[in-house]
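A.B. asks: What follows is a structure written as structure tokens; I'll ask about it next.
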Amino acid sequence: MKFKDCNLSSIDEFIEQMTLEEKIGQLVQKTIGRTENLGQEKSINSDLFESIEAGRIGSILQSASEMFEEVMRAQDLALHKSRLGIPLFVNSDIIHGFGTIFPIPLASACSFNMELIKESAVLAAEEAASAGLCCTHSPMIDIARDPRWGRIAESCGEDPYLAGEIAKAYVCGFQGEEISPNTLLLATLKHYLGYGAAEGGRDYNTAEIGENTIRNFYLPPFQIGIESGAGGVMASFNTIDGIPMTANNKYLDDVLRKELKFSGIVLSDWTGIAELMGHGMAKSPEEAVFLAFGAGIDIDMVSDFYEKFLQNEISDGRVELSKLNAAVKRILSLKLRMNLVGRYEKQIALKSKPVVFTERARQLAKDLADESIVLLKNDNVLPLRAGTTLLLDGRWTHCRNFLGCWQSSAYKKHVESLDEMLSRRNFSVKDANKLSENEKLAAAAECEYIILTLGENENESGEAASKAVLSLSEEDQKLVSLYKSCGKKIVALIFSGRPLLLEKLCEDVGAVLMCWFPGHGNEAVADILTGEINPCAKICVSFPRREGQIPVYYNHLSTGRSAHGRETEKFVSRYLDCPNEPLFPFGFGLSYTQFEYGPVNLIRNQNDFFVVCQVKNTGKRCGKEIVQLYVRDCIACPVRPIKELKGFKKIFLEAGESVDVSFKIDRKLCAYYHAARFDADDGEFIFYIGDSSISENNIRLLLQGENFSLAR
Ligand code: BGC
């Protein structure tokens, strides 16, 4: 039977006629090659095509859009030249867009706009599928509390609830409501588990996290991603409690497969299986294969260990054939459910070309960037007064690359630079970059505003980009000191893939705009500066004052000696030389208008309970506000965080308008993991509704069974 004649009910029969080599082939993922510089020479993996014909490869990994022809050739060989005609999974890391690049994930998470994030995933899937891809290693939903870790840029920040909502948006965007022939990209949740907790923020490092923290913080986004139907999960590089995740029976088998009932495919990370030897757990490649396969890794990403050593493990009886058949069945079922045969036959026959970087895609990147850029400080400086003279200084003045890490768009520089965008908006723009210090100051005297572009280059965040120092570069600091006393309004634009230390900068300048890397939506920077767009994003990660505070995150536990309200006492949990609090807390972000919050009330409607609060736009212009619901469980064991995000709503209000914002509350919302049991305790809870994680606007309620009442 050829694969094209197989369906979900004949799949076992199909697997029976596969040779051992063909079965193992389905578990093998190889890279197609590299394009080092886009548009430059490609180096194609030379054995690839031969192995595909022989049925020894089940998925290929490509990193650049230029690989379209090679991908189609590979798929053609798999379908028409291999014995059984099984299509390949064609995988890629589509993290924030394919040809059209959206803001980096850390930025788009700050939008708290799930519709836009989902649409960005739909669009990325459309572009990628048109270029022959069918599987993405995304979304990355690692909880990230440590800005030293460069991969924080790919994450959605520090909060499990937000990360869960985002996981759902991405999975549904990439795959649709369920995996079907309409699914364009199979989603892979990564990195399972605890990768974001790398000690010292150093990439690939050990994670030391206890089960309570894993279950209540690191696991929930994965659970939601799985409930949303994600087809894949990628095991992370790190160890947990001394066991590398690639060989972690407890979390891969007991938790992921048995408890969370994940029935899709589990991939290793890049050479993760071979790295079991680097960890010092496996003494030989055979043992690495035995451990990884035994723990539940279905697909070997590029270490070639399954290809070389799994056959022997099976022939010698160390690995059961039935387990191999089960893994093959998981992989083939997904290929069938997505109807990859039909899709690729059509794509090959039509000789269709990739459709990327359309007007619609660019507009969506702009819409998302509008809602991702965070106004951190504004002493009546922004928006810029129309038609004034601006002095621009710093690395991004003429820059045309705002894309950030983890992308390989062929349209890297297809956007306007900041000076071009502002000139086109009728400002008189002076570029100070090439001037001497004296000339800079003389030029500044002639201008109304100074706009400084500061931050990090795109390769300073992302994978293998950990940093121990998070202050602005010396060059940036010099610029700020030069201009700070010249009596002009200074705006700092920060481009970066992580929170930086901005305390000193905030003392020296009048306005700070956290632009992150806005992708092809970079026009949003100019629109926010000029007030065309009213900023509405809130940070999804706390900004530390100093590296020594890290990890600093809002949803921490209380200690027995909390410093809260006792900041001057000696024997409390605090630093002698720095406040405990971050510079900017999770959920914080300014607007050009102001929102006022009324008291929080409890409303009962038959058996449903709601906490409600009036929000009023008291400023002079319309704007969007992210209304946030936090909960504190006052008495619990294990003890609970001082606050946890449990809901948010993004609302739009005209100037002067007000609206009642309500959140339905129930017992489930108050539940948490006590060991493996997910439940709530009766007792007192504080519900906060406010504009950030430090809002104290709250109501105290008593939970008894399914009912809430006012706590006395
Ligand atoms: C990263 C993964 C990625 C893979 C394939 C690894 O180094 O950790 O996130 O999916 O490479 O590119």
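The values are calculated or read from the model by the stated rules, or taken from the named source; none is laboratory data. Computed from a predicted model, the values in this text were never measured in an experiment. Counting neighbours? That spans all protein chains shown, and the Cβs are built from the backbone with ideal geometry, glycine included. Each accessible area value is taken on the protein alone, full model and side chains, heavy atoms only, with ligands, DNA and RNA left out. Shrake-Rupley method; radii C 1.70, N 1.55, O 1.52, S 1.80 Å.
Results for (1) closer than 22 Å to Gly157 by Cα; (2) open to solvent by 70 Å² or more (accessible area, probe 1.4 Å); (3) not in a strand (DSSP E or B), shown as yes or no for each residue.
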| site | (1), (2), (3) |
| --- | --- |
| Tyr630 | yes, no, no |
| Phe648 | yes, no, no |
| Phe652 | no, yes, no |
| Lys664 | no, yes, no |
| Ser693 | yes, no, yes |
| Phe708 | no, no, no |
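A.B. asks: Kindly indicate the residue of the stretch 456-485 that is open to solvent by less than 40 Å² (accessible area, probe 1.4 Å) and of a type in the set (A, V, I, L, M, F, W, C) and also farthest from Asp203 (Cα to Cα) among those meeting that condition.
C.D. replies: Leu482
A.B. asks: Listed residues Ser65, Ser9; which is surrounded by 16 or more Cβ atoms within 10 Å (Cβ to Cβ), of a type in the set (S, T, N, Q) and either under 21 Å from Cys134 (Cα atoms) or modelled with pLDDT of 85 or more (or both)?
C.D. replies: Working: Ser9 fails: surrounded by 16 or more Cβ atoms within 10 Å (Cβ to Cβ).
Criteria check complete, one pass: Ser65.
A.B. asks: Filtering the stretch 287-302 down to residues that are charged (D, E, K, R) and within 16 Å of the ligand (Cβ to nearest atom), which residue is surrounded by the most Cβ atoms within 10 Å (Cβ to Cβ)? Walk me through how you get there before you give the answer.
C.D. replies: Quick first cut of the stretch 287-302, residues charged (D, E, K, R) only: 287, 298, 300.
Imposing the further condition that a residue be within 16 Å of the ligand (Cβ to nearest atom) reduces the set to 298, 300.
Values: Asp298: 23, Asp300: 31.
Going through the qualifying residues, I end up with Asp300.
A.B. asks: Next question, about the same structure. Being within 28 Å of Leu184 (Cα to Cα) and surrounded by 23 or more Cβ atoms within 10 Å (Cβ to Cβ) is the filter here, so list the residues in the stretch 238-263 that pass it.
C.D. replies: Thr246, Leu252, Leu256, Phe262
A.B. asks: Only residues that are touching a Cys at 6+ places or on another chain (Cβ under 9 Å), under 19 Å from Ala121 (Cβ atoms) and open to solvent by 20 Å² or more (accessible area, probe 1.4 Å): list them for the stretch 314-366, please.
C.D. replies: Matches in the stretch 314-366: Arg343 only.
A.B. asks: Now a separate question. Between Ala124, Ala144, which is of a type in the set (A, V, I, L, M), open to solvent by less than 10 Å² (accessible area, probe 1.4 Å) and part of a helix (DSSP H, G or I)?
C.D. replies: Details: Ala144 fails: part of a helix (DSSP H, G or I).
That would be Ala124, the only listed residue that is of a type in the set (A, V, I, L, M), open to solvent by less than 10 Å² (accessible area, probe 1.4 Å) and part of a helix (DSSP H, G or I).
A.B. asks: Collect the residues in the stretch 104-158 that are of a type in the set (Phe, Trp, Tyr) and more than 19 Å from Tyr192 (Cα to Cα), keeping them in residue-number order.
C.D. replies: Going residue by residue through the stretch 104-158, those that are of a type in the set (Phe, Trp, Tyr) are 112, 149.
Passing the criteria: only Phe112.
A.B. asks: Filter the stretch 419-432 down to residues that are in contact with a strand residue (DSSP E or B) (Cβ under 6 Å, 6 or more places away or on another chain) and not in a helix (DSSP H, G or I) and give me whichever is nearest to Thr530 (Cα to Cα).
C.D. replies: Initially, the stretch 419-432 is screened for residues in contact with a strand residue (DSSP E or B) (Cβ under 6 Å, 6 or more places away or on another chain), giving 419, 422-423, 427-432.
Imposing the further condition that a residue be not in a helix (DSSP H, G or I) reduces the set to 427-432.
Values: Phe427: 10, Ser428: 13, Val429: 13, Lys430: 16, Asp431: 18, Ala432: 20 Å.
Step by step, filter the stretch 419-432, then rank; the result is Phe427.
A.B. asks: Continuing with this model, one more query. Which residue is most open to solvent (accessible area, probe 1.4 Å), if the candidates are limited to the stretch 164-201 and must be farther than 27 Å from Ser333 by Cβ, within 16 Å of the ligand (Cβ to nearest atom) and assigned to a helix (DSSP H, G or I)?
C.D. replies: Ala197
A.B. asks: Go through (1) touching a residue at least 60 places away in the same chain (Cβ under 8 Å); (2) out of contact with any strand residue (DSSP E or B) (no Cβ under 7 Å at 6 or more places or on another chain) for Glu474 and report which single condition fails.
C.D. replies: That leaves (1) as the condition not met.
A.B. asks: Would you please list the contacts, defined by Cβ atoms under 6 Å and residues six or more apart or on different chains, that run from a residue in the stretch 89-109 that is open to solvent by less than 10 Å² (accessible area, probe 1.4 Å) to a residue that is of a type in the set (Val, Ile, Thr) and within 13 Å of the ligand (Cβ to nearest atom)?
C.D. replies: Val90/Ile60; Ile94/Thr136
A.B. asks: Please identify the pairs in which a residue from the stretch 247-258 that is within 18 Å of Ala288 (Cβ to Cβ) has its Cβ atom under 7 Å from the Cβ atom of a residue that is open to solvent by 10 Å² or more (accessible area, probe 1.4 Å) and outside any helix (DSSP H, G or I), counting only partners at least 6 apart or on another chain.
C.D. replies: If the second residue must be open to solvent by 10 Å² or more (accessible area, probe 1.4 Å) and outside any helix (DSSP H, G or I), the pairs left are Ala247/Met281; Leu252/Gly296; Asp253/Gly296.
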